1. Pull up all non-local amide H partners of B:GLY87: gap of 5 or more, or a different chain, and H-to-H distance under 5 Å with H placed in the peptide plane.
2. Got the relative contact order for the range A:1-134 handy, in percent, Cα pairs under 8 Å and 6 or more residues apart?
3. Just checking the output field for A:54-67: average partner chain Cβ neighbours within 10 Å of each residue's Cβ?
4. Treating the angle as unsigned and between 0 and 90°, give the value, to the nearest 10°, between the Cα long axis of helix A:23-37 and the longest Cα principal axis of chain A.
5. Straight-line reach from A:LYS245: which lysines have a Cα under 25 Å away, not including same-chain ones fewer than 8 places off?
6. Classify the range A:6-246 as rounded, prolate or oblate from the Cα gyration tensor: take a ≥ b ≥ c as the square roots of its eigenvalues, call it rounded if a/c is under 1.5, otherwise prolate when a/b beats b/c and oblate if not.
7. Enter the mean number of other protein chain beta carbons within 10 Å of the beta carbon of each residue in A:20-27, as an integer.
8. What list of ³J(HN,Hα) couplings, whole Hz, do you get for the range A:107-123 from phi and the Karplus terms 6.51, -1.76, 1.60, once you set θ to phi - 60° and write x for glycine and proline?
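A short reminder: the numbers here are calculations on the coordinates, not readings from a lab. It should be emphasised that the depicted structure is a prediction, and the values quoted were computed from it without experimental measurement. Counting neighbours? That spans all protein chains shown, and the Cβs are built from the backbone with ideal geometry, glycine included.
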Amino acid sequence: MSAPRPFVVVASRELRSYFATPLAGVFLVVFIFLAGIFSFSLGGLYERGQADLRPFFQFAPWLFLFLAPAVSMRLWAEERRLGTVEILTTLPLPLWQVVLGKFLAAWGFCVLALVATVPLWVTVSWLGDPDHGAIIAGYAAAAMLSGVYLAIGSVISAFTKNQVIAFVVTAVACFLSLLCGYPVVLDFFKGWLPDGVADAIAGVSILTHYQSMMRGVIELRDAIYFVSAIVALVTATAITIDWRKAA
Amino acid sequence: MIQTRNQMALLIDAIGLTKTFGGIRAVDDVSITVSSGEVVGFLGPNGAGKTTTMRMLTGFLHPTAGSVRLGGVDIDEDPIAARRHFGYLPEGAPAYPDMTVREYLNFIAAARGIAGTERRAAIDTVAARVHLRGVMAQTIETLSKGFKRRVGIAQAILHDPKVLIMDEPTDGLDPNQKHEVRQLIREMGKTKAIVLSTHILEEVEAVCTRAVVITAGRVVFDGTPSEFEARAPASVTRHRMDHVFRELTAAAAEVSA
């Protein structure tokens, strides 16, 4: 039996800590509840007369706008507040593995929230004959989106020991990255910025990539976007924590 | 004593540690060397730079200038190897409040690569050593201050390190608990290199083989407790250490002001 990798040790402790209080359960229930409302009532599932999960996936970026910052806010802010960051960063573990482990725990929690919405999938399958490939792509897109949100939150959490600040700043940052993919916002930029810049703004927006992936076509371009955004932001978290040692 | 010290036994070797926070020198050119078998008491008034120095010794803070070698390994060059050599009790003995003592020690053991039967043995040994056996299944948040401190000490000594760095190990403990912790430190001090910070002078007399006094970020004394006490004039008959401490720290405070 070989010893588990350091990031696995860190991730499993972190993930277990979410369930030490009822808070995580409350979050999951609220998430599932909202997911149901969005899909069936607001999304007009019955009125549309189509058995699919499009309404759910269309609302998912907004749902995660609350869930992801709530999960990521404690990643580093809590360690700093408790003082356990001093123990965690002086254990013989590479910093990148600690940062990665914590991020993966948070991501695991969000993926769990997505898994908990599978009854919606079952329901539409029972009602009609949905395109399962599209639903799988939708879930993949939602998982990637939550990963980027959490990675943004991870960086922000590394800057503060105040979880409320971490939550608010993360939610705003995610909101902005989402917003700059909407045609209304893009049109506003196109009015006075050169085309290239407006396209660049659309290119960095989560929404652009999310929607293209959600449509059921997993393109390399989008996959690269999500993976590189997560890698860059998790690396930025490690750099931030290391930088705070020198500050 | 310093001249004859064996280089191999020099487990903590910090040279010229300096730390500035936004232009303010919190620690100024502090050098500390500790060998196996030594218990060094790090003394100083509040805000003298004790915690900052200890954080630099463990690598939690990068020094503005200076270097730290632990067990012969430079903490900047090979932090992972250097960290294996020491155990650290940070200020206030932080721990995850929602974990049980056993879960927490299990996590620390896993993080230190101690697995299987070896892990169980290490946890049992340490639990017996700091008297935690009765509270292993309790969450840390439900423990008294004395027990929390013991959990902090337990995680620091779990891997039986050669070097122990402890920030105020007896702070907030009742006299019985203080006595117990001091006894433990004395016992471990025979085979390890220990640095502990305190502002209690009797503690230095009780457990330390050497005292280093720091005030306004600078070392103003480095010697044995008896040398420290001998600095008081013969006319002072009571609280001689307090007298020396006041003299040393007041003089430096004036210089820095």
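1. For B:GLY87, whose amide H was placed from the backbone, the distant partners under 5 Å are B:VAL163, B:LEU164, B:ILE165.
2. 42 percent
3. That works out to 0 on average.
4. 10 degrees
5. The reachable lysines, counting only those whose Cα sits under 25 Å from A:LYS245, are A:LYS102, A:LYS161, B:LYS19, B:LYS50, B:LYS162.
6. Judged from the Cα gyration tensor, the range A:6-246 comes out oblate (a/c at least 1.5, b/c at or above a/b).
7. 1
8. Residue by residue, the range A:107-123 yields 5, x, 5, 5, 5, 4, 4, 5, 4, 5, 8, 4, x, 4, 4, 4, 4 Hz.
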